[in-house]
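Presented below is the structure to which this report refers.
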Ligand SMILES: Nc1ncnc2c1ncn2[C@@H]1O[C@H](COP(=O)(O)OP(=O)(O)OP(=O)(O)O)[C@@H](O)[C@H]1O
């Protein structure tokens with residue numbers, strides 16, 4: 001496998017254009033955004049007003065013996081009520097926005113991942129992709145909903161307090177505000193450090209998730225090769241690197257926050273020291289000094305908050321970049337403009353029944369490889385000038401040494417990859433000019449390790465055509481000879497197959513996937529036969545099932561079983577991306593060429609095994 005994909009290189013500055021693109025995802029939720037912004041401003045105004053009310057109260061009561069406290073109590077109560085309502089609206093809207101946005105972004109990423117071609121997944125480990133769908137999406141949604149609103153609140157509060165301080169006492173106001181530049185400077189330095197260590201944490205997190213996913217998927221192989229110790233060592237190595245960078249990140253926060261708080265106390269000290277002097281000489285009221293001290297303490301909370309949100313934004317920049325780059329990845333295998341125009345024109349209810357949604361013939365009569373070249377990586381050709389024509393009703397068996405290009409041929413036939421040279425024609429028309437969705441909905445694919453989903457046997461077969469009735473499901477199972485063993489299961493068709501179908505044998509899984517394919521009634525059937533040994537009885541069931549599927553379709557089988565190869569209409573011996581030989585079993589055996597050699601070497605031993613199996617015990 002290739003190395004894990006490199007994380008993109010990002011600028012260390014706050015990337016405003018990136019954030020404006022991320023914030024665009026909030027626009028469909030204006031219904032929540034407006035109350036959120038209004039609530040943030042109301043909360044900031046209320047927060048700033050408390051000190052002014054205190055000033056008014058102190059100045060009104062100073063030196064008096066009879067005091068009417070009711071006006072202050074009423075104003076305080078009013079402010080507290082407004083603040084409570086603001087906070088309620090704020091939390092409600094931010095929670096709603098955060099959930100809606102993470103749902104939207106995740107759904108958009110998921111949709112894009114489904115649209116992307118196989119080549120995209122060749123170099124991206126599953127764990128890396130899972131991280132994009134889970135933690136990255138959540139992080140962005142949290143920042144947009146909570147972070148941005150904290151930012152609006154904090155900026156409003158800082159502005160209001162600054163203006164009030166300077167208006168109340170310009171000299172003292174500016175003195176208190178003088179602590180702001182060092183605060184911004186220190187914040188900038190720490191933000192950068194914290195951003196870098198947080199990125200590193202994320203990188204290790206991705207690698208650990210990928211390592212988890214890989215080791216779980218390959219659990220059986222690991223156990224059989226006794227690789228547990230090595231895997232554990234690799235994992236521990238990753239984990240301890242992640243631990244180190246996480247500790248570094250936490251340490252930076254632990255130093256930064258106390259510095260910010262100390263600067264807040266310095267500002268309060270300045271207010272007390274200078275303010276005390278001017279109060280004594282009578283040019284400043286006691287209420288104003290109290291308000292100054294109050295503000296000096298309150299002032300640094302929003303600044304701290306702004307710094308924190310900016311750090312979070314910078315930390316999440318990597319996540320934003322990755323999610324946006326995933327969303328911006330345009331699938332290379334997709335309908336061309338011309339096909340899309342035709343789809344729009346033809347996809348209507350009165351369309352003739354024999355037409356596909358793109359206006360061309362619905363039935364697939366032939367597939368032609370015309371001088372096809374293909375390489376997964378530039379400079380390493382896998383197929384070169386490959387030619388093949390298959391008519392409806394024909395079964396093509398692909399045989400040959402490992403790495404020859406058999407899977408590549410069927411991947412191209414399925415349009416999972418596109419030729420790098422030449423063309424693939426369907427009914428004589430370039431496959432690129434046909435609707436991708438229409439074409440792939442005509443494919444039925446059964447892979448070597450057929451995949452079943454958790455759920456009942458019935459649900460798994462019905463996955464081939466969701467609107468199929470129970471009778472149709474059972475009919476499909478009968479046609480491929482799966483009905484007998486299914487009924488013998490504990491709960492028949494309602495038996496739970498377990499995760500990935502692991503409560504069933506490979507042969508049984510294959511029979512169920514045949515039934516699923518038959519129910520979908522594809523025009524093209526592609527199969528990578530299982531190499532694992534299957535008992536003779538199941539083998540016979542599978543063969544009969546296969547014949548039911550092959551009938552009337554174009555079938556490509558990467559054939560490992562003698563019985564499949566023999567019944568194929570044409571056998572292609574593939575080596576180094578070329579057809580070495582082509583013909584029926586009889587013709588190729590008579591020619592005594594590559595197929596003959598392959599057959600006598602590989603398949604005769606299989607036949608001997610099968611004969612041995614059939615001999616009565618003790619004979
Ligand atoms: N996704 C991929 N990315 C890069 N190279 C690939 C990829 N898939 C296959 N190859 C390479 O292409 C060549 C042909 O592989 P292919 O899987 O088509 O052979 P095959 O005949 O089906 O082999 P097998 O019988 O072992 O499945 C091999 O050299 C293989 O290493």
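The values are calculated or read from the model by the stated rules, or taken from the named source; none is laboratory data. Just so it is clear, the model here is predicted, and its values are computed rather than measured. Here Cβ is always computed from backbone atoms with ideal geometry, including for glycine, and neighbour counts include all displayed protein chains.
For the range 447-469, the tally of residues that are out of contact with any helix residue (DSSP H, G or I) (no Cβ under 7 Å at 6 or more places or on another chain) and either part of a helix (DSSP H, G or I) or within 19 Å of residue 526 (Cβ to Cβ) (or both) stands at 4. Candidates 87, 53: the one that is surrounded by fewer than 16 Cβ atoms within 10 Å (Cβ to Cβ) and not in a loop (DSSP other than H, G, I, E, B) is 87. Cβ-Cβ contacts under 6 Å between residues 6 or more apart (or on different chains), taken from a first residue in the range 406-423 that is more than 17 Å from residue 444 (Cβ to Cβ) to a second residue that is within 13 Å of the ligand (Cβ to nearest atom) and part of a helix (DSSP H, G or I), are listed as 417/411. Across the range 95-131, which residue is nearest to the chain's Cα centre (by Cα) among those that are farther than 22 Å from residue 207 by Cα, buried (at least 16 other Cβ atoms within 10 Å of the Cβ) and free of Cβ contacts under 8 Å to residues at least 60 places away in the same chain? Step by step, filter the range 95-131, then rank; the result is 102. Scanning the range 554-577 for residues that are assigned to a loop (DSSP other than H, G, I, E, B) and more than 20 Å from residue 450 (Cα to Cα), we see that the one that is nearest to the ligand (Cβ to nearest atom) is 577.
Residue count for the range 390-414 under the criterion of being more than 10 Å from the ligand (Cβ to nearest atom) and in contact with a helix residue (DSSP H, G or I) (Cβ under 6 Å, 6 or more places away or on another chain): the result is 2.
Quick one: would you say residue 78 is surrounded by 15 or more Cβ atoms within 10 Å (Cβ to Cβ) and either modelled with pLDDT of 85 or more or within 16 Å of the ligand (Cβ to nearest atom) (or both)?
No; evaluated as a whole, the condition is false for this residue.
Out of all the residues in the range 579-598, is one or more modelled with pLDDT under 85, crowded, with 17+ Cβ neighbours inside 10 Å and not in a strand (DSSP E or B)? Looking through the range 579-598, at least one residue is modelled with pLDDT under 85, crowded, with 17+ Cβ neighbours inside 10 Å and not in a strand (DSSP E or B). One residue stands out among those in the range 338-389 that are within 16 Å of the ligand (Cβ to nearest atom) and modelled with pLDDT under 85: the one that is surrounded by the fewest Cβ atoms within 10 Å (Cβ to Cβ), which is 379. Put simply, of 259, 208 the only residue that is within 30 Å of residue 288 (Cα to Cα), in contact with a helix residue (DSSP H, G or I) (Cβ under 8 Å, 6 or more places away or on another chain) and at pLDDT 80 or above is 259. When we screen 251, 263 for residues that are assigned to a helix (DSSP H, G or I) and farther than 25 Å from residue 175 by Cα, the only hit is 251.
Inside the range 415-441, residues that are within 16 Å of the ligand (Cβ to nearest atom) and either in contact with a helix residue (DSSP H, G or I) (Cβ under 7 Å, 6 or more places away or on another chain) or closer than 14 Å to residue 335 by Cα (or both) make up a count of 6. Beta carbons closer than 9 Å, at least 6 apart along the sequence or on distinct chains, pair a first residue in the range 366-391 that is outside any strand (DSSP E or B) with a second that is within 12 Å of the ligand (Cβ to nearest atom) for 376/119; 376/122; 376/382; 376/408; 376/417. Scanning the range 492-517 for residues that are assigned to a helix (DSSP H, G or I), within 24 Å of residue 472 (Cβ to Cβ) and out of contact with any strand residue (DSSP E or B) (no Cβ under 6 Å at 6 or more places or on another chain) yields a total of 12.
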